[in-house]
Amino acid sequence: MRKDLQKTALVHEYFNQLGGAERVVLQLAELFPEAPIYTLFITPAIREKLPLQVESRIRTSFLQRFPQWMLNKRLLFPLYPIAIEQFDFGQYTTVISSSSAYAKGIITRPQTKHVCYCHSPTRYLWDWYHNYLDEQPLGWISKKFLPFILGKIRLWDHIASKRVDFWLANSSHVQKRIKKYYQAESTVVYPPVPVKKISANHPAPLAAQQRRYFLIVSRLSAYKKLELAIEACNRLGVSLKIAGIGRELERLQQIAGEKIAFLGRVSDE
């Protein structure tokens, strides 16, 4: 094993699902097989799904000791900046963070290089801020205090962005967001895709009518704007199949026409 790999650490916000960001981390874990993986917390369900050689390298914060239902509901998100700063990376020459919110906020020593693979600047603090406030099912008192809390975290988020030495953006669109909100230059490195495993042909022959549908594979989150595709397919009278799970399922089902099918979680195959 190369000595430089032994001095590398990986950081990811939290493992409460296996989405695109987590798949990137799994690829990084393969590239750096000796690197520990620091994260705020991991749910039991996701821990069971991780390969043993990855699961054994997980290092969690003090948030792991809180009840899982509190973490999944993000009730403790004001503590996330504090928790991410508690990790000590003094023994590493390089730290690679996988970040869409808090992981970029780690504190490293001057001799440690911090490379951030950014999936997006924190969306509910920046470009999705007003939408996020409108979406929250909170009472009027809570909604009065939430902007104050988010404002404090936004200030921390901008300061934390200055701790990154090298930015990697997962797309040119995210690269523009990094420039706008963090005033930082970045290099686009697209997420890994198993191209050889993907085929445009369906594994089993289907009748022409059965093949005529649009397909979305996505987390059912508000900022994904899946309602635009649903409304378009409703108007055009064409079929749409949506693979994925998320908090927006019930709302999307309410506006979906008879030709819209929700497949839930599906396997890669």
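In table form, for the structure just shown:
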item	result
LYS259 open to solvent by 60 Å² or more (accessible area, probe 1.4 Å) and at pLDDT 95 or above	no
Yes/no for ARG65 being open to solvent by less than 50 Å² (accessible area, probe 1.4 Å), over 24 Å from PRO121 (Cα atoms) and not hydroxyl-bearing (Ser, Thr, Tyr)	no
Cβ-Cβ under 6 Å pairs, at least 6 apart or on other chains, region 158-173 side within 17 Å of GLU85 (Cβ to Cβ) and touching a residue at least 60 places away in the same chain (Cβ under 8 Å), far side among the charged types (D, E, K, R) and surrounded by 20 or more Cβ atoms within 10 Å (Cβ to Cβ)	ALA160/LYS104; VAL164/LYS104
Residues satisfying the stated conditions in region 114-153, i.e. in a helix (DSSP H, G or I), closer than 18 Å to ALA83 by Cα and within 19 Å of the chain's Cα centre (by Cα)	LEU150, ILE153
Any hit, region 31-49, residues being modelled with pLDDT under 90, open to solvent by 10 Å² or more (accessible area, probe 1.4 Å) and of a type outside the set (Lys, Arg)	yes
Of all residues in region 76-129 being in contact with a Gly (Cβ under 9 Å, 6 or more places away or on another chain) and charged (D, E, K, R), the one that is least open to solvent (accessible area, probe 1.4 Å)	GLU85
Unmet criterion (only one of (1) closer than 19 Å to ARG219 by Cβ; (2) within 16 Å of the chain's Cα centre (by Cα)) for LEU28	(1)
Condition check for ASN131: touching a residue at least 40 places away in the same chain (Cβ under 8 Å), closer than 30 Å to ARG251 by Cα and in contact with a His (Cβ under 7 Å, 6 or more places away or on another chain)	no
The listed residue being exposed (fewer than 13 other Cβ atoms within 10 Å of the Cβ) and among the hydrophobic types (A, V, I, L, M, F, W, C), out of PHE166, PHE145	PHE145
Cβ pairs under 8 Å, 6+ apart, first in region 225-237 and in contact (Cβ under 8 Å) with a residue 12 or more places away in the chain, second among the polar types (S, T, N, Q)	LEU226/SER218; CYS233/SER239
Strands (runs of 3 or more DSSP E) lying entirely in region 1-107 (those with 2 or more residues that are among the hydroxyl-bearing types (Ser, Thr, Tyr))	37-39, 94-99
Output for region 154-165, where each listed residue is touching a helix residue (DSSP H, G or I) at 6+ places or on another chain (Cβ under 6 Å), not hydroxyl-bearing (Ser, Thr, Tyr) and not in a loop (DSSP other than H, G, I, E, B)	ARG154, TRP156, ASP157, ALA160
Boolean, ILE178 is among the aliphatic types (A, V, I, L, M), at pLDDT 90 or above, part of a helix (DSSP H, G or I) and surrounded by 11 or more Cβ atoms within 10 Å (Cβ to Cβ)	yes
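Each row is one residue, and each column tells you yes or no for (1) assigned to a loop (DSSP other than H, G, I, E, B); (2) open to solvent by less than 30 Å² (accessible area, probe 1.4 Å); (3) under 23 Å from GLU135 (Cα atoms).
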| site | (1), (2), (3) |
| --- | --- |
| ARG219 | yes, no, yes |
| LEU228 | no, no, yes |
| GLU231 | no, no, yes |
| LYS241 | no, no, no |
| GLY246 | yes, no, yes |
| GLU250 | no, no, yes |
| GLN253 | no, no, yes |
| VAL266 | yes, no, no |
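The values are calculated or read from the model by the stated rules, or taken from the named source; none is laboratory data. Keep in mind the model is a prediction, meaning the values are calculated, not measured. Backbone-built Cβ (ideal geometry, glycine too); neighbour counts: all protein chains shown. For accessibility, only protein heavy atoms count, side chains too; no ligands or nucleic acids. Shrake-Rupley method; radii C 1.70, N 1.55, O 1.52, S 1.80 Å.
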